[in-house]
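Notes for the one structure printed next.
No lab work stands behind these numbers, since they all come straight from the coordinates. Because the structure is a prediction, the values reported are computed rather than measured. Because the Cβ atoms are built from the backbone with ideal geometry, glycine has one as well, and the counts that use them run over all protein chains shown.
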Amino acid sequence: RLPLTVSALSASITHVRAEEFSDIRTYGAPEVISDIMLFGKTPEEAAASPMTALLGGGFMQSMDMVADELGFDIDAEPQVKHEMAVATAPIDSPIGDIAPGHVAAQRFTWEYTVRGETVITVRVNWFMGQDNLDPPWSFGPEGERFEVSVKGDPDSHVTFHGWHPESVAAGLERNPGIVVTANHCVSAIPYVCRAQAGIRTYLDLPLIAGRAAPHLHR
């Protein structure tokens with residue numbers, strides 16, 4: 001949805017990117033972090049992570065929608081990459097200390113190409129903080145965020161802040177990113193209910209918007 005909205009501001013588009021930068025310590029699901037995401041495991045164990053397929057199944061539906069609407073003649077096979085960084089010293093986390101040599105950060109990338117040229121990229125960067133990582137990955141000066149970038153005439157770059165908690169402790173109490181996900185689903189309900197029966201995407205529905213706070217509502 002957001003990449004398509006931003007894309008309307010550009011012509012002759014050659015690349016669309018959506019990317020997340022998050023401290024995974026704020027994700028209050030320790031079993032998922034340890035047993036499915038495989039943080040705290042050895043790189044060899046984490047290489048078998050099901051997240052590439054689990055996330056890819058969802059992300060590539062969105063990538064298909066973007067490709068279809070923008071008119072990209074995508075190649076048959078997507079490009080998928082799973083990168084890891086290990087701890088160089090014990091890292092405190094909700095699943096216990098991450099031992100040196102064990103996985104403390106992961107980066108998943110999905111790309112669609114047209115005749116070998118990358119045209120759509122979706123990437124998640126999940127770190128157990130920014131300290132004591134090898135390679136020394138970081139969120140950079142902008143910190144945790146979500147980005148949407150469109151290369152075209154002209155380029156457009158949008159950064160979203162506010163969807164991450166102020167601290168690890170705050171995130172374990174209430175994570176704005178989880179709330180955003182839920183709000184998005186709830187906001188879509190009236191539009192989906194009014195739509196004709198069948199499978200519908202953002203391309204079929206009108207603009208989905210939130211609602212005013214109860215004390216301000218007409």
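Before moving on, here are some points about what is shown:
- Most fluctuating residue given options Gln196, Gln130, Gln61, as computed from a GNM of the chain linking Cα atoms under 10 Å: Gln196
- Kirkwood-type hydrodynamic radius, the range 1-79: 15.2 Å, calculated from all non-identical alpha-carbon pairs.
- Fewest-first ranking of Leu207, Leu54, using other Cβ atoms within 10 Å as the exposure measure: Leu207, Leu54
- Shape category assigned to the range 139-204 from the gyration tensor of Cα positions, a/c cut at 1.5: oblate
- 10 Å Cβ shell holding at most 11 others, DSSP loop, GluC sites (Glu not before Pro): longest site-free stretch of the chain: 1-141
- Loop-located trypsin sites (Lys or Arg not before Pro) across the range 66-162 with a Cβ neighbour count of 11 or fewer within 10 Å are Arg115, with loop assigned by DSSP.
- Here the Karplus curve 6.51 cos²θ - 1.76 cosθ + 1.60, taken at θ = phi - 60°, turns the phi angles of the range 168-185 into couplings of 4, 4, 5, x, 6, 8, 7, 9, x, x, 5, 5, 4, 4, 5, 4, 4, 5 Hz, with x standing for Gly and Pro.
- Packing-based exposure ordering (other Cβ within 10 Å, fewest first) of Val66, Val80: Val80, Val66
- For the chain, built as a Gaussian network whose Cα springs stay under 10 Å, the top-fluctuating residue of Ser138, Ser49, Ser187: Ser187
- Springs between Cα atoms under 10 Å define the GNM used for the chain, and in it the highest mean-square fluctuation of Gly101, Gly198, Gly152 occurs at Gly198.
- Centre-to-centre, using Cα atoms only, the range 61-130 and the range 180-207 are separated by 27 Å.
- Degrees separating the helix 51-70 axis from the principal Cα axis of the chain, which is the longest one: 30 degrees
- Environment charge at Phe160 (Cβ cut-off 13 Å; Lys +1, Arg +1, Asp -1, Glu -1): -3
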